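The values are calculated or read from the model by the stated rules, or taken from the named source; none is laboratory data. Only a predicted model underlies this, so the values are computations on that prediction, with no experimental measurement involved. FYI the Cβ positions are ideal-geometry reconstructions off the backbone, even for glycines, and counts take in every protein chain you see. Just so you know, the surface numbers come from the protein's heavy atoms only, side chains and all, with ligands and any DNA or RNA stripped out. Shrake-Rupley method; radii C 1.70, N 1.55, O 1.52, S 1.80 Å.
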Amino acid sequence: MAATKVLLDSGPLVGFLIETDQHHRWSVEVWNSLYDPLWTCEAVLSEAIFLLQSVKVSISPLLELFERGLVKIDFAASPQRPDLWRLLRKYEDQPMSLADACLVRMAELHERCQLFTTDKDFLVYRRKSRGIIPLLAPF
């Protein structure tokens, strides 16, 4: 039986790194219960860098998670562009970020996965049109 792949969103990634984040304690508890690595995409990394820099927090600990292989990038947007555009159009009323679309597409590509997120929009998003995305979430 294939292992469950944990897909990482920017919310728990930033929550893990910022002690004052509302989801810090929860993110640390969940993170410590998971097996490495966690999988994400470049759009999530970009969001996380922006969020950390916007509150004047060093990005070095974030980059170290990737350098140490605790978080790995497992998605190239360019070959998935038609599917990403489909998702962005479908959920433009949410609004869906590119990072969200990449994570939904990753969930479509990996049947056995869970999405580690703090974003309630993932309660609405569906993979393969109707499939619920299994979540690791504080709600």
Inset, instruction - Kindly express, to the nearest 10 degrees and within the range 0 to 90, the angle between helix 24-33's C-alpha long axis and the longest C-alpha principal axis of the chain. - result: 80
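Can you tally the net charge around Ala48? Count Lys and Arg as +1, Asp and Glu as -1, for every other residue whose Cβ sits under 12 Å from the Cβ of Ala48.
Net of charged neighbours comes to -4.
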Legend entry - In nm, spacing of pseudo-spin labels at Glu42 and Asp83 (7 Å Cα→C-beta vector): 1.7
Inset, instruction - Rounded to the nearest 500, what is the 222 nm mean residue ellipticity of the chain from helices alone, with -39500 (n - 2.57) per DSSP H run of 4+ residues and division by all residues? - result: -13000 deg cm²/dmol
Inset, instruction - Enumerate the aspartates and glutamates that Lys56 could reach by cross-link, defined here as Cα to Cα under 16 Å, with residues fewer than 8 away along the same chain left out. - result: Glu19, Asp21, Glu47
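Give me the dipole magnitude in Debye, nearest 20, for the stretch 1-120 about the Cα centre, with unit charges on the beta carbon: positive for Lys and Arg, negative for Asp and Glu.
Numbers: 12 positive and 17 negative charges, 41 e Å.
It works out to roughly 200 debye.
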Legend entry - Accessible area of the stretch 27-139 belonging to carbon and sulfur atoms, whole % at 1.4 Å probe: 53
Inset, instruction - Quick one: which residues, 5+ away or cross-chain, put their amide H under 5 Å from the amide H of Leu115? H built at 1.01 Å from N. - result: Leu7, Leu135, Leu136
Inset, instruction - Send over the semi-axes of the stretch 1-126's equivalent ellipsoid, whole angstrom and largest first, taken as the square roots of 5 times the C-alpha gyration tensor eigenvalues. - result: 22, 17, 14
Inset, instruction - Treating the angle as unsigned and between 0 and 90°, give the value, to the nearest 10°, between the Cα long axis of helix 42-54 and the longest Cα principal axis of the chain. - result: 40
